[in-house]
Protein chains: 2
Amino acid sequence: MTSTTAAATTWQARAETKQAAREALLPADTILPPGLVTDQTTDVTAIPRTSGLLSAHELEITESETPAILAKLASGEWTSEAVTRAFCRRASIAHQLTNCLTEIFFDKGIARAKALDEEFKRTGKARGPLHGLPVSLKEQIGVAGVERSFGFVGFIGRVAEVDSALVEILLAQGAIPYCATNIAQGLFFGEAVNNVFGETVNPYNRKLTPGGSSGGEGALLALRGSPLGVGSDIGGSVRIPAGHCGLYSLRPSYQRIPYEGTCNSQEGQDSIRSVLGPMSTSLGAVKTLFKSVLDAQPWRLDPQVLRQGWREEGYALADHGHDQGLVFGMMWDDGSVRPAPPYARAMTEVKAALEAAGHKVVDFVPYEAAEGTAIMYESFGGDGMRDLFDTLALSGEPRVGPQADQPQGTELTITQWWSLHARKGRWLKGQLDAWNATSKTTGTGRAVDAIICPVAGGPAQVLRTPQYHTYTHWCNVADFPAVAIPVTRVDPALDPKVERSDYHGDMDKHFWEQYDPQVYANSPIGLQVVAQKGEDEAVLAMAEIVDNALKAHRAAHGTTDPS
Amino acid sequence: MTSTTAAATTWQARAETKQAAREALLPADTILPPGLVTDQTTDVTAIPRTSGLLSAHELEITESETPAILAKLASGEWTSEAVTRAFCRRASIAHQLTNCLTEIFFDKGIARAKALDEEFKRTGKARGPLHGLPVSLKEQIGVAGVERSFGFVGFIGRVAEVDSALVEILLAQGAIPYCATNIAQGLFFGEAVNNVFGETVNPYNRKLTPGGSSGGEGALLALRGSPLGVGSDIGGSVRIPAGHCGLYSLRPSYQRIPYEGTCNSQEGQDSIRSVLGPMSTSLGAVKTLFKSVLDAQPWRLDPQVLRQGWREEGYALADHGHDQGLVFGMMWDDGSVRPAPPYARAMTEVKAALEAAGHKVVDFVPYEAAEGTAIMYESFGGDGMRDLFDTLALSGEPRVGPQADQPQGTELTITQWWSLHARKGRWLKGQLDAWNATSKTTGTGRAVDAIICPVAGGPAQVLRTPQYHTYTHWCNVADFPAVAIPVTRVDPALDPKVERSDYHGDMDKHFWEQYDPQVYANSPIGLQVVAQKGEDEAVLAMAEIVDNALKAHRAAHGTTDPS
């Protein structure tokens, strides 16, 4: 008779057991045939369609635009059960291709879908604006009865006792949670790898990361294994995977989507806050989720949420002349690391599209971007990474990610911490004043209505290599809402390496040297549309304007959208 | 030839020089005749009127209700110069009676008033909703060109280079800043005493404190040396002096009135934030100032202010059934220290008044009030008071206030600090859930619309003795907006000591023993009306309802309002 206690088990064995349990939950009739995909298959985006595992109706459902799915659910044309089953099956395939799922609770989702269908049959009414729609959730978001290890071996076995405030609202609005998705260890970097669930890869090029920390969502959504997901963003974590996976996402301002009941590293680090945000192949779905949450008065459930519902006047751009000739500021270069060539091509195309649509585009030079990133890193490092190391020590598992080799540091004193806040306060004021000062150049009397910039310094990086993320960081420090939109994909013919002889510094040179169009071929390229603090509704409207302008411009020029 | 450098001068000498310079700015024809007031004169509220120093017109101006003054300024019936001169002169008298002023810049105020009068003559239009009105400001609020020592000897000579965001807005709305008012050293306690400016006393009973830390405002406004002032509140600092001086005040939610350009102790302590709030003898004036600031879009000047203008639907109580039968929760006792007898009398009268006006009043038991105060004190003590001691060391001046003898403590670690935030997060959720749970008892389907509680455990305390302030603290930790309203004054005949044999604990017993109606005779008694986070407009409306109900009730019963 053998007795194995948790303490006596290695962390590797515990993770293996956990992963095996996960794989056992994949529906047997969705398992990919051996040999269909090999290690040499880099672009797997067509596999769900070509695998033969999904019926024509399942393909129709999962490849419909999310607003169209919602309309068919609300009219009763499709049942929630059919839609949920289709996405569960496609999610299983997506997972086999990219390792994007952490918790699989298809059974709960299908049971809820059936109940909702029965309710609909009885009442003839949709439960809410998300009626019957499967929604995937980043690992950290609590769902009652579902394990939430948060990607740490030491937390395997911890089950969320209650629904998080967000999930409570999603359920009330008719959504169907059915799976959780992979994250960066502790959410500390822009990939999706940890010792419990392993590494998620980019479905457009599996040698690359999907981005992160909400990378599981990125891969799952890109493969249409989910019509709508929720990630979190403390330094770019919904915008980076959206950009690297050809998706839309919103990083809302602080305290709008409830965080209550969502776990995180460094609980109580309230200086630069993580926010939850929607991700989808559809910008309309991103808006629908955000509006649905606000319409449910989330401040009743989360004491830290602002008492501020959806503002239609914000969405109508009341503060921006109601979209009559907007002025966009184009951030070509942040002064520290010039974006890789495909971003310049994407921005040039967007500029032409906006001008063709009657808007104005001016250059925008950011205010002390490097200082913003410095404030962010010093904030995240405030405890010398003690919280992370203490959590790793629970199981003996190692640190992973780009900083895997970096040892535990020193905690700041409170005096240093408060000084950091004061420094942030000055940076915030400088940032606001710099933005407002653009009113001298726009010709509208207003400052630039929104700023457009890359989602990262380069395309999705090779797995476990560094990436430059200041292009998202500044929004987190300044609390600017931002929408990521897909624009193009890396094309070695269009995006050759540009010869440069001068650099902003060593980091700029490093990332320039790293760029190789062959390595990044087919990798999606996304841009952000950024508005001022609290302008969440407006930034959604302006992202729609950019997206529509781009589509119209391409239609007029007979080019197709490669993303 | 003698040479005196700052370094060689004692802190006492520097403070004396500073005070002498201040006294020299009092208009010569406002100096009180010797003997009119002695140390035995405790109630000085009638002195401005009886001194003979103010003309009938000056008395008419300064004793008018602030909204009436604004109406006469806006119509041109009164000039801003006349109004400003009248308040300058009365402020001088108030200062001689209570030591309430820190910086005197009557000259700047009068010059601006004249310019505004000329503008009005030319354009026929009021500058804004505060056109021509003198507004007093707590010492910490920056006014360009005015010294801002913040009550520390080591900071004497520091001059604000630019207007704070609030002052910029006040000026744009037509207000006339003309003086700054006294504070507690470092804003750390509920009195108004520091080594630079000395001690402010309560005009209703000069053996007592006016409360604090915005105590200078309290004394000045109570003597009608100002029609409207702005204080700050991190633990009760606009509500305590309002309550102890027979005034109205609003503690707004975080991030609505801009704090940019306002100095503070422990800069960067962002966990429990100080907020600026209006104080006045008129509730209408409190509302007008708050609305004027929001109407000016303060988020354009302060990056930390929410993009959220005045919400008329909040003021119309849209979330509360539009004042058709509100339900108030009465916090008779917080479970740690039972309020002194006059508060029970005040609350009983308010309850009867509200019921007579058709509202419902239920008992409300607060959620873990002591834990809220513990979180607050641990937050304020996060740096072991190093910031305070470092500032004191600049000049060698001693610590003053109830904790004067307490030595410097130990700084927390970041891990401890973040744990404190996490603990606060749990308390916030408990607080919200407890409030929402009252919906089971109201009969309206809503939770209690507002909560009514004392502004302190006792009346204004004897100078430099401890007071119990948990009754204000919970609002700061929870970020609940609250309005202080004056209700009555201590009357030894009506407020005898109540015999008690059981106590919540030692602190309860201590404050019970401290209560002596003779000592506190004539001291104003104020209550707070508290609403949920973000309900600033609603709490103003509900405070008006309480105030009007009380006045109507007294009129119906032929009693007069002693305050």
Residues located in the stretch A:431-446, provided they are in a loop (DSSP other than H, G, I, E, B) and either within 13 Å of A:G372 (Cα to Cα) or under 28 Å from the mean Cα position of the chain (by Cα) (or both)
none
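Which residue out of A:G358, A:G321, A:G284, A:G309 is modelled with pLDDT under 95 and over 28 Å from A:G458 (Cβ atoms)?
On the way: A:G358 fails: modelled with pLDDT under 95; A:G284 fails: modelled with pLDDT under 95; A:G309 fails: modelled with pLDDT under 95.
None of the others qualify; the one that does is A:G321.
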Taking the stated definitions as given, is B:D502 charged (D, E, K, R) and within 14 Å of chain A (Cβ to nearest Cβ)?
no
Quick one: which of B:L294, B:L247 is assigned by TED's automatic domain parsing to the domain that holds B:Q173 and without any contact (Cβ under 8 Å) to a residue 40 or more places away in the chain?
B:L294
Given the conditions (1) buried (at least 18 other Cβ atoms within 10 Å of the Cβ); (2) closer than 30 Å to A:D387 by Cα; (3) among the aromatic types (F, W, Y), report the number of the one that B:Y377 does not fulfil.
(1)
Has the stretch A:347-365 got any residue that is small (G, A, S), more than 30 Å from A:E499 (Cα to Cα), assigned to a loop (DSSP other than H, G, I, E, B) and away from chain B (no Cβ under 14 Å)?
yes
Given the conditions (1) assigned to a loop (DSSP other than H, G, I, E, B); (2) more than 14 Å from chain A (Cβ to nearest Cβ); (3) surrounded by 24 or more Cβ atoms within 10 Å (Cβ to Cβ), report the number of the one that B:V305 does not fulfil.
(2)
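Pick out the one residue from B:R127, B:R206, B:R224 that is under 21 Å from B:T79 (Cα atoms) and out of contact with any Lys or Arg (no Cβ under 7 Å at 6 or more places or on another chain). So that I can check it myself, show each step before the final result.
Details: B:R206 fails: under 21 Å from B:T79 (Cα atoms); B:R224 fails: out of contact with any Lys or Arg (no Cβ under 7 Å at 6 or more places or on another chain).
It is B:R127.
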So, of the residues in the stretch A:452-509 that are aromatic (F, W, Y) and touching a Lys or Arg at 6+ places or on another chain (Cβ under 8 Å), which turns out to be surrounded by the fewest Cβ atoms within 10 Å (Cβ to Cβ)?
A:Y503
Per-region count, the stretch B:180-200, residues in contact with a helix residue (DSSP H, G or I) (Cβ under 9 Å, 6 or more places away or on another chain) and of a type in the set (F, W, Y)
2
Suppose the filter is away from chain B (no Cβ under 14 Å), closer than 24 Å to A:F189 by Cα, surrounded by fewer than 18 Cβ atoms within 10 Å (Cβ to Cβ) and touching a residue at least 24 places away in the same chain (Cβ under 8 Å); does A:G384 pass it?
no
Residue within the stretch A:419-430 that is of a type outside the set (V, I, T), in a loop (DSSP other than H, G, I, E, B), touching a helix residue (DSSP H, G or I) at 6+ places or on another chain (Cβ under 9 Å) and buried (at least 21 other Cβ atoms within 10 Å of the Cβ) present:
no
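On the given criteria, is B:T465 in a helix (DSSP H, G or I) and either of a type in the set (A, V, I, L, M) or touching a residue at least 24 places away in the same chain (Cβ under 8 Å) (or both)?
On the way: in a helix (DSSP H, G or I): no; either of a type in the set (A, V, I, L, M) or touching a residue at least 24 places away in the same chain (Cβ under 8 Å) (or both): yes.
No.
Quick check: anything in the stretch B:522-532 over 25 Å from the mean Cα position of the chain (by Cα), modelled with pLDDT of 95 or more and either more than 22 Å from B:N436 (Cα to Cα) or within 14 Å of chain A (Cβ to nearest Cβ) (or both)?
No, every residue in the stretch B:522-532 fails to be over 25 Å from the mean Cα position of the chain (by Cα), modelled with pLDDT of 95 or more and either more than 22 Å from B:N436 (Cα to Cα) or within 14 Å of chain A (Cβ to nearest Cβ) (or both).
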Options A:V455, A:V477: the member that is within 25 Å of A:F150 (Cβ to Cβ), hydrophobic (A, V, I, L, M, F, W, C) and within 12 Å of chain B (Cβ to nearest Cβ)
A:V477
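Taking the stretch A:316-337 as the search range and keeping residues that are in a loop (DSSP other than H, G, I, E, B) and under 23 Å from the mean Cα position of the chain (by Cα), which one is surrounded by the fewest Cβ atoms within 10 Å (Cβ to Cβ)?
A:W332
Here's a check for you: in the stretch A:498-514, which residue that is in a loop (DSSP other than H, G, I, E, B) and out of contact with any helix residue (DSSP H, G or I) (no Cβ under 7 Å at 6 or more places or on another chain) is nearest to A:G329 (Cα to Cα)?
Pass one, the stretch A:498-514, residues in a loop (DSSP other than H, G, I, E, B): A:498-505.
Filter once more, so that each one left must be out of contact with any helix residue (DSSP H, G or I) (no Cβ under 7 Å at 6 or more places or on another chain): A:499, A:501-502, A:504-505.
On the way: A:E499: 26, A:S501: 27, A:D502: 25, A:H504: 21, A:G505: 24 Å.
Among those residues, the one meeting the criterion is A:H504.
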What is the one condition in (1) touching a strand residue (DSSP E or B) at 6+ places or on another chain (Cβ under 8 Å); (2) farther than 20 Å from B:A340 by Cα; (3) at pLDDT below 95; (4) polar (S, T, N, Q) that B:T559 does not satisfy?
(1)
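If you go through the stretch B:98-152 one residue at a time, how many are assigned to a loop (DSSP other than H, G, I, E, B) and touching a Gly at 6+ places or on another chain (Cβ under 9 Å)? Can you show your working first?
The first filter runs over the stretch B:98-152 and keeps only residues assigned to a loop (DSSP other than H, G, I, E, B), leaving B:99-100, B:105, B:124-133, B:139-140, B:142-146, B:148-152.
Going one step further and asking which of them are touching a Gly at 6+ places or on another chain (Cβ under 9 Å), we end up with B:99-100, B:105, B:124, B:126-133, B:139-140, B:142, B:148-152.
Summing the residues that are assigned to a loop (DSSP other than H, G, I, E, B) and touching a Gly at 6+ places or on another chain (Cβ under 9 Å) in the stretch B:98-152 gives 20.
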Which one of A:P278, A:P241, A:P210 is in contact with a His (Cβ under 8 Å, 6 or more places away or on another chain), at negative phi and either among the basic types (K, R) or away from every other protein chain (no Cβ under 14 Å) (or both)?
A:P210
What residue, among those in the stretch B:366-381 that are among the small types (G, A, S) and within 12 Å of chain A (Cβ to nearest Cβ), is farthest from B:F152 (Cα to Cα)?
B:S379
From B:Q408, B:Q403, grab the single residue that is at pLDDT below 95 and either surrounded by fewer than 17 Cβ atoms within 10 Å (Cβ to Cβ) or among the polar types (S, T, N, Q) (or both).
B:Q403
Quick check on B:A460: is it away from chain A (no Cβ under 14 Å), in contact with a strand residue (DSSP E or B) (Cβ under 8 Å, 6 or more places away or on another chain) and part of a loop (DSSP other than H, G, I, E, B)?
yes
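Could we say that A:D449 is surrounded by fewer than 24 Cβ atoms within 10 Å (Cβ to Cβ), among the acidic types (D, E) and modelled with pLDDT of 95 or more here?
no
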Give the residues of the stretch A:143-156 that are out of contact with any strand residue (DSSP E or B) (no Cβ under 6 Å at 6 or more places or on another chain) and touching a residue at least 24 places away in the same chain (Cβ under 8 Å), sorted by residue number.
A:G145, A:R148, A:S149, A:F150, A:F152, A:V153, A:G154, A:F155, A:I156
Top-ranked residue in the stretch B:308-346 [being basic (K, R) and more than 14 Å from chain A (Cβ to nearest Cβ); ranked as farthest from A:G534 (Cα to Cα)]:
B:R345
Please enumerate the residues belonging to the stretch A:201-217 that are part of a strand (DSSP E or B) and within 13 Å of A:G236 (Cβ to Cβ).
none
Out of (1) of a type in the set (S, T, N, Q); (2) outside any helix (DSSP H, G or I); (3) surrounded by 15 or more Cβ atoms within 10 Å (Cβ to Cβ), the odd one out for B:Q40 is which?
(3)
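The values are calculated or read from the model by the stated rules, or taken from the named source; none is laboratory data. In this text, all values refer to a predicted model and were calculated from it rather than measured experimentally. Glycine gets a Cβ as well: all are built from the backbone with ideal geometry, and neighbour counts include every protein chain shown.
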